[in-house]
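Quick notes on the structure that follows.
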Amino acid sequence: HQITVLERQLGEQKVRFTPSDRAFLAALLHRLPPHVLRQLRLLVRPDTVLRWHRNLVARRHAASCRPKRPGRPRTVRSIRILVLRLAK
């Protein structure tokens, strides 16, 4: 995958990973112990791969915890009826 990224960006001075590239590499490499990651010949530091994985998990968790509806929740029907009755 790293070679594919390099071939796609041939001619650029600095290799730039897209978010999908980062997610793919983080998913592949996050289970390896840090000492094994340091032995691999990567285009990025092992700490960077681990940071990408933390960010990936954090974004996934944040997206799943987001409320379904924005704004204030609806008022219970009985309370709404009571308030309208008192207002009259």
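The values are calculated or read from the model by the stated rules, or taken from the named source; none is laboratory data. What you see is a predicted model; the values in this text were computed from it and never measured. With ideal geometry, Cβ positions are generated from the backbone for all residues, glycine too; neighbour counts draw on all protein chains shown. With ligands, DNA and RNA removed, areas are computed over all heavy atoms of the protein, side chains included. Shrake-Rupley method; radii C 1.70, N 1.55, O 1.52, S 1.80 Å.
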Could you list all residues from the range 56-88 that are at pLDDT 80 or above and under 30 Å from VAL5 (Cα atoms)?
LEU56, VAL57, ALA58
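Could we say that GLU12 is assigned to a loop (DSSP other than H, G, I, E, B), open to solvent by 90 Å² or more (accessible area, probe 1.4 Å) and modelled with pLDDT under 85 here?
Details: assigned to a loop (DSSP other than H, G, I, E, B): yes; open to solvent by 90 Å² or more (accessible area, probe 1.4 Å): yes; modelled with pLDDT under 85: yes.
Yes: the conditions hold for GLU12.
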Mind telling me which of the residues ARG22, ARG41 ends up being modelled with pLDDT under 80 and under 15 Å from HIS1 (Cβ atoms)?
ARG41
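Test HIS53 against the stated conditions and say whether it is at pLDDT 80 or above and either open to solvent by 70 Å² or more (accessible area, probe 1.4 Å) or closer than 19 Å to ARG16 by Cβ (or both). Quick ask: steps written out before the conclusion?
Numbers: at pLDDT 80 or above: yes; either open to solvent by 70 Å² or more (accessible area, probe 1.4 Å) or closer than 19 Å to ARG16 by Cβ (or both): yes.
Yes: the conditions hold for HIS53.
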